[in-house]
Structure formats: structure tokens, C-alpha cells
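The values are calculated or read from the model by the stated rules, or taken from the named source; none is laboratory data. All values derive from a computational prediction rather than experimental measurement. As a convention, Cβ positions derive from the backbone with ideal geometry for all residues, glycine included, and neighbour counts pool all protein chains shown. Accessible surface areas use protein heavy atoms only, side chains included; no ligands, DNA or RNA. Shrake-Rupley method; radii C 1.70, N 1.55, O 1.52, S 1.80 Å.
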Amino acid sequence: MNQKTLTAFKRIVEQRRYLGKKYGPRHQNDGPRRTSADSLVMAYRQETQRQKLMVKKAKICEARLLSTSAAFRVLVRDEDYVNLLRAEKMDTMPKFLAERAREVA
């Protein structure tokens, strides 16, 4: 599977999770639904729950990135490790990683 297929699949799964099984083409006998206060409150709660989950995931990602960059900083300062990378012809790195490795904690 390529990235576009995975992204489309993820979007469909998320829509199904939040909109339910009836997402998709409507049956012809279904009339227009009225929006009630309860449905608005439920939609608001679902959206706030989704956003809280997104914030939680972002914080986890940030913590992982910080710990990974700290570990990477330690590795890059180890001369034996750097020599091993050079011997294996893996001595280049993306500019972003090189800048992160030079930062002082």
C-alpha cells in the first residue's frame, strides 16, 4: 500500500468512528433530520473528546521526540560511535538532525 491509500483508509475509518455505520449514501426514504439540542451537545462532546485525544497524542509525540533527540545528542558526542558510522559510510545526516545534535540541553 502506498501513502495515499493509507491516508484514505485512515480518513474512512475516522469518519466511520465518529459518524457511525450509516455514513455514506443515504437511503432514499430517509427524510431530512432535525438538529436537536441533544444531538448538538453530543456532537460537541465528541469533538472535544477527539481534540483532547489529539492533544494527548501530540504530547506523547513531543516527549518521544525530546527523549530521542537527547539520546541522539549523546550518541553523536561519542567518538567511537561516530567512527563506526564513518566506517559504515553512514556519516551524513539530515540538516535538521545535525542542528538538533549540536543544541545544548
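To the nearest 0.05, how large is the calculated FRET efficiency for Thr68 and Arg34 if R₀ is 35 Å and r is the Cβ-Cβ distance?
0.10
With a probe of 1.4 Å, find how much accessible area segment 30-105 has per residue, and write the answer as a whole number in Å².
Counting only protein heavy atoms, the per-residue value for segment 30-105 is 91 Å².
Give me the percent of accessible area attributable to carbon and sulfur for segment 53-96, probe 1.4 angstrom.
Percent of accessible area from carbon and sulfur atoms in segment 53-96: 64.
Taking a threshold of 30 Å on the Cα-Cα distance, which of the pairs Lys10/Lys89; Lys59/Lys89; Lys57/Lys89; Lys56/Lys89; Lys59/Lys95 fall above it?
With Cα atoms farther than 30 Å apart: Lys10/Lys89; Lys59/Lys89; Lys57/Lys89; Lys56/Lys89.
For Ser67, Ser39, what's the largest-to-smallest order of accessible area, 1.4 Å probe?
Ser67, Ser39
Please give the solvent-accessible surface of Phe96 in Å², to the nearest 10, using a probe radius of 1.4 Å with every protein chain present.
My reading of the accessible area for Phe96 is about 120 Å².
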